[in-house]
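The block underneath contains the structure these notes are about, expressed in structure tokens.
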Amino acid sequence: LVVQESHLFYAPTSLKLEEAAAVPLAAQTSLQALRDIGQLKKGMRVLINGASGGVGTFAIGLSKIFEAHTTAVTSFRNTSLVSELGADEVIDYTKNDFTKMNQTFDIIFDCWGNKNFNIVQKNLTENGLYISTIPNSKNFLFSLKTSLSSKKGRVVLVKSKKEDLSFLKDVIDGGEL
């Protein structure tokens, strides 16, 4: 295996190596989406669609580290899990469609890929941001079309970074994530 040194960092010591293996892709995706693209800050309202998957569970924890109000969308089977992870509100998508609810969010982080910018834009605040993990032509087109709009659509394309892995190791080993 050949890899750039800048893409590597030590695994969190508080995790088994099998658990730590999820950190580079899933946790960095959430970190780069929320912190870097979304500029997530204290008090912002974030909705995580697909909150019980790998990227979504890290997104909940990172949202709490950045002191955001976090709404998790998942099925009834996983409502307890996302609550335990720190979600302030939980929406069971088998009972409620968040796009039909009268709530707005500063960031809608779509980890599942079943909603697109057109569907969620009314649920975004005036300067809200939709971030998708799905790198398809439709999402890239929304990213282009909304670049000059107040509400924006973006796609996260994760890149492994030593400094991100170091940050994640610290918050995992510190018990924050």
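The values are calculated or read from the model by the stated rules, or taken from the named source; none is laboratory data. Note that the structure is a prediction, hence the values are computed from the model and not measured. Cβ: placed from backbone, ideal geometry, glycine included. Neighbour counts: every protein chain shown. The protein model used for the area step is the full one, side chains on, heavy atoms only, and it has no ligands, DNA or RNA in it. Shrake-Rupley method; radii C 1.70, N 1.55, O 1.52, S 1.80 Å.
Of note:
- With respect to the conditions (1) within 21 Å of Gly174 (Cβ to Cβ); (2) touching a Phe, Trp or Tyr at 6+ places or on another chain (Cβ under 6 Å); (3) open to solvent by 10 Å² or more (accessible area, probe 1.4 Å), Ser30 falls short on a single one, namely (3).
- The set of residues in the range 47-66 being polar (S, T, N, Q) and either without any contact (Cβ under 8 Å) to a residue 60 or more places away in the chain or surrounded by fewer than 24 Cβ atoms within 10 Å (Cβ to Cβ) (or both) consists of Ser52, Thr57, Ser63.
- Looking at Ile48, Ile65, Ile60, just one residue is more than 10 Å from the chain's Cα centre (by Cα), at pLDDT 95 or above and of a type outside the set (S, T, N, Q), and that residue is Ile65.
- Checking each residue in the range 99-117 for being charged (D, E, K, R) and crowded, with 23+ Cβ neighbours inside 10 Å picks out only Asp110.
- Qualifying residues in the range 129-169 (those that are open to solvent by 50 Å² or more (accessible area, probe 1.4 Å) and aromatic (Phe, Trp, Tyr)) - the one farthest from Gly61 (Cα to Cα): Phe140
- Some residue of the range 89-98 being of a type in the set (Phe, Trp, Tyr), open to solvent by 20 Å² or more (accessible area, probe 1.4 Å) and either more than 25 Å from Leu8 (Cα to Cα) or modelled with pLDDT of 95 or more (or both): yes
- Where Val23 falls short, out of the listed (1) over 12 Å from the mean Cα position of the chain (by Cα); (2) open to solvent by 10 Å² or more (accessible area, probe 1.4 Å): (2)
- Listed by first and then second residue, the pairs linking a residue in the range 16-44 that is small (Gly, Ala, Ser) to a residue that is assigned to a loop (DSSP other than H, G, I, E, B) and open to solvent by 60 Å² or more (accessible area, probe 1.4 Å), with Cβ atoms under 8 Å apart and 6 or more places separating them unless they lie on different chains, are Gly43/Glu67.
- All strands (runs of 3 or more DSSP E) inside the range 3-104 with 3 or more residues being small (Gly, Ala, Ser): none
- Scanning the range 67-88 for residues that are closer than 16 Å to Val55 by Cβ and either out of contact with any strand residue (DSSP E or B) (no Cβ under 9 Å at 6 or more places or on another chain) or open to solvent by 10 Å² or more (accessible area, probe 1.4 Å) (or both) yields a count of 5.
- Ile172 falls short on exactly one of the conditions (1) touching a residue at least 12 places away in the same chain (Cβ under 8 Å); (2) part of a helix (DSSP H, G or I); (3) open to solvent by 30 Å² or more (accessible area, probe 1.4 Å); (4) within 23 Å of Ile65 (Cβ to Cβ), and that condition is (3).
- Among (1) among the aliphatic types (A, V, I, L, M); (2) part of a helix (DSSP H, G or I); (3) open to solvent by 40 Å² or more (accessible area, probe 1.4 Å), the one test that Val120 misses: (3)
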